[in-house]
């Protein structure tokens with residue numbers, strides 16, 4: 001459907017402010033209902049119901065640790081999550097995919113451990129659990145090992161066209177490690 005055709009779709013509802021017909025409009029956050037007498041009347045309403053986490057599936061047999069109600073799988077504005085079926089009285093939530101914790105020691109501070117995190121763009125990376133004191137981060141999967149060139153105590157696994165290969169995690173070195 002073209003953007004011009006989207007403006008012509010009518011819902012046969014009347015504007016509660018001025019009584020004119022509501023039509024579907026397109027904005028930067030998606031389609032919405034707006035008054036046909038815009039800009040004289042500025043009434044708008046979301047096209048779909050923006051409920052806080054609609055239920056996708058009931059997880060039978062799994063109970064909420066706080067209130068004992070069944071847990072449900074919900075779709076929220078930040079993705080899927082597990083929440084209590086007794087929401088909003090009980091606000092218990094869990095992540096669907098919990099981050100991986102590794103036993104690999106941080107090569108920079110040598111006291112923390114590397115944990116899997118997710119950037120604001122959805123990419124996964126591994127960083128020190130002592131953040132913000134230690135700001136070590138690597139974008140590839142860390143592997144225990146030592147670089148034969150510079151003796152850096154961490155390797156990373158990159159997936160290439162030739163398969164998975166190990167590289168030095170040091171930004172100064174970064175050389176491939178022979179198998």
### Query
So what is the 222 nm mean residue ellipticity for the chain from helices alone, if each DSSP H run of at least 4 adds -39500 (n - 2.57) and you divide by all residues, rounding to the nearest 500 deg cm²/dmol?
-1000 deg cm²/dmol
### Sorted by Cβ density within 10 Å, fewest first, the residues 129, 42
42, 129
### Summary
All alpha-carbon distances of segment 101-168, grouped into 5 Å bins from 0, give the whole-percent distribution 4, 17, 25, 25, 18, 8, 3, 0
### Task
Give me the Debye-computed log₁₀ of I(q)/I(0) at q = 0.18, 0.26, 0.27, 0.33 Å⁻¹ for segment 54-95, equal point scatterers on Cα only, no solvent, two decimals.
-0.40, -0.84, -0.90, -1.25
### Task
Apply the Kirkwood formula to the chain: the hydrodynamic radius equals the inverse of the mean of 1/r over all pairs of different alpha-carbon atoms; give it in Å with one decimal.
21.4
### Task
Express in nm, to one decimal, how much length is gained between residue 172 and residue 20 on full extension, taking 0.36 nm for each residue of separation and deducting their alpha carbon distance.
48.1 nm
### Query
Most exposed first by the Cβ proxy, i.e. fewest other Cβ within 10 Å, how do 175, 159 rank?
159, 175
### Query
What residue among 109, 18, 67 has the largest mean-square fluctuation in a Gaussian network model of the chain, using Cα springs under 10 Å?
18
#### Entry: Computed over segment 101-168: relative contact order in percent, which uses C-alpha pairs under 8 Å that are six or more apart
20
#### Entry: Stretch gain in nm, segment residue 129-residue 63, where the contour uses 0.36 nm per residue and the Cα spacing is subtracted
20.8 nm
### Query
At each listed q (0.19, 0.24 Å⁻¹), what is the log10 of I(q)/I(0) that the Debye formula gives for segment 77-138 modelled as equal alpha-carbon point scatterers?
-0.77, -0.95
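Read-outs: derived from the displayed coordinates by stated rules, not from any lab. Computed from a predicted model, the values in this text were never measured in an experiment. For neighbour counting, all protein chains shown are included, and Cβ atoms are generated from backbone atoms with ideal geometry for every residue, glycine included.
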